[in-house]
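Values in this text are rule-based calculations from the coordinates and carry no lab data. This structure is a prediction, so every number in the text was calculated from the model and none was measured. Cβ placement follows ideal geometry from the backbone for every residue including glycine, while neighbour counts extend to all protein chains displayed.
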Amino acid sequence: MIGKEKIRQLSRQSLYGQWTITHKISRDVINFAMSEPHFPMPANIRNAAQEIVLSEDLSYTDTAGLPLLRELIAQAYKLPDTGYGVSVTGGASEALFSGVMALSEPGDEILIPVVGNPSYEVVVSLAECTPVRYAIQIDKRIPILPERIYSLFTDKTCMIILNTPMDPTGQVIDKIVLENIADICLEKGVLCMIDESYREITYESKAFSMSGYNPNVITFTSISKLFSMTGWRLGWIIGSEELMETVNFLRNYSTTCAPTISQRVAVRILEGAGSEHRDKILSILANRKKLMRELLAQHEFYAATTPLGGYFLFLNYQEYCKKTISSIDFANLLLEKYKVAVVPGIYFGEEGEGYIRIAFATDEKSIQEGFARIRQCLTDLNKKN
């Protein structure tokens, strides 16, 4: 049963929750810890939002979302004409929460990636399910091995959660690997839930989605990452009509519907208002990724992931530090003395200890200065030993 004691217990266990609550990031800090792009919302979309406020109906929508928006999403994902549904949510977080809560039973086992977004484990625990962790190969181009995942399946397994491109490593799971896993899930009667929040931000391969691949695949995403709309709280979850009916029943009593203003703005974006901005931001992020790789070489940081998607880098700082220092202590030191904010690797699971997550969606000057400060911090630490 979900209650205040369970929530308090999970809150105490959440290392990231404790870290973010106790650290205020001031303006003089280089912020590599953010999970949102360092770009303003496009002017034409802001203008469209103003127009919508003045001229369009902003009352409740269907729980599943505006019919036109759902139709545009279905077209964008090339969903089959029948058999699949879209539910528009208050961001990817609500999609994850609603999907897990509605489609599992207490006592079920749900496979989650480690390292991975800590939201997965928290939501699975709130659903009174058992999180079963599968390891990510942080230092490999192929981050997961399907056979290792299959070995974790039991008669209690109801779902696996996948994420591509990955937070915090920036790795991308190959489409063939995802199809292999989805096929086995269908055969075993296991749901395959895929977090595609960074789907459109890829650098070496064309963006793809697993939406509509088979009836056991559920995908969810957010519109906020690429269009700097994190506060607008809009995303969606896609799955079979039967599964979405269950999700919508829960959502009717939890959120009623996603914000109507955000839905109407999303309609404008999917009708074409966001195309120019999308191309511009992808080009900027690709250039910043290139700069980041140059800085890694310049500062001789070779023990780091190569992001193929998203805008995160997972750096093994311990490889360059003679003294063993926890990722929380290292992040605290960087913030307090060197004015650089990063996310401790332990936040993403025990396998993340010794790493920090760096977001390179900020401006180029900050990226250059931030890497110099991280190198200086490590140099100073090594001098003390």
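Quick notes
- For the range 253-261, the Karplus equation 6.51 cos²θ - 1.76 cosθ + 1.60, evaluated at θ = phi - 60°, returns couplings of 9, 10, 10, 6, 6, 5, x, 5, 4 Hz by residue, with Gly and Pro reported as x.
- Antiparallel DSSP beta bridges within the chain, percent to nearest 5: 45 percent
- Dipole moment magnitude, nearest 20 debye, the chain about Cα centre, only Lys, Arg, Asp, Glu C-beta charged: 1540 debye
- Our coupling estimate for the range 220-231, obtained by passing each phi through the Karplus curve with A = 6.51, B = -1.76, C = 1.60 and θ = phi - 60°, is 9, 7, 9, 8, 6, 5, 7, 10, 6, 10, 4, x Hz, Gly and Pro reported as x.
- Mean shadow area of the chain, taken as a quarter of the surface of its Cα convex hull (nm²): 19.1 nm²
- Dipole in debye (nearest 20) - the range 43-273, about Cα centre, beta carbon charges: Lys, Arg +1; Asp, Glu -1: 600 debye
- Amide H to amide H, with H built 1.01 Å from N, Gly354 comes under 5 Å of Ser327, Gly345, Ile346, counting only residues 5 or more places away or on other chains.
- Table column - 3J(HN,Hα) (Hz), the range 239-245, Karplus curve with 6.51, -1.76, 1.60, x for Gly and Pro: x, 4, 4, 5, 5, 5, 4
- Cys residues of the chain counted as unpaired, since no other Cys beta-carbon is under 4.7 Å: Cys129, Cys158, Cys257, Cys321, Cys377
- Considering the range 137-221 at the alpha-carbon level, its Rg and Dmax are found to be 12.5, 39 Å.
- Convex hull projection area averaged over all views, the range 43-273, Cα basis, nm²: 12.3 nm²
- Amide H contacts of Thr130: Gly107, Asp108, Glu109, Ile110, each under 5 Å away and 5 or more positions distant or on a separate chain (H built 1.01 Å from N in the peptide plane; Pro and chain starts excluded).
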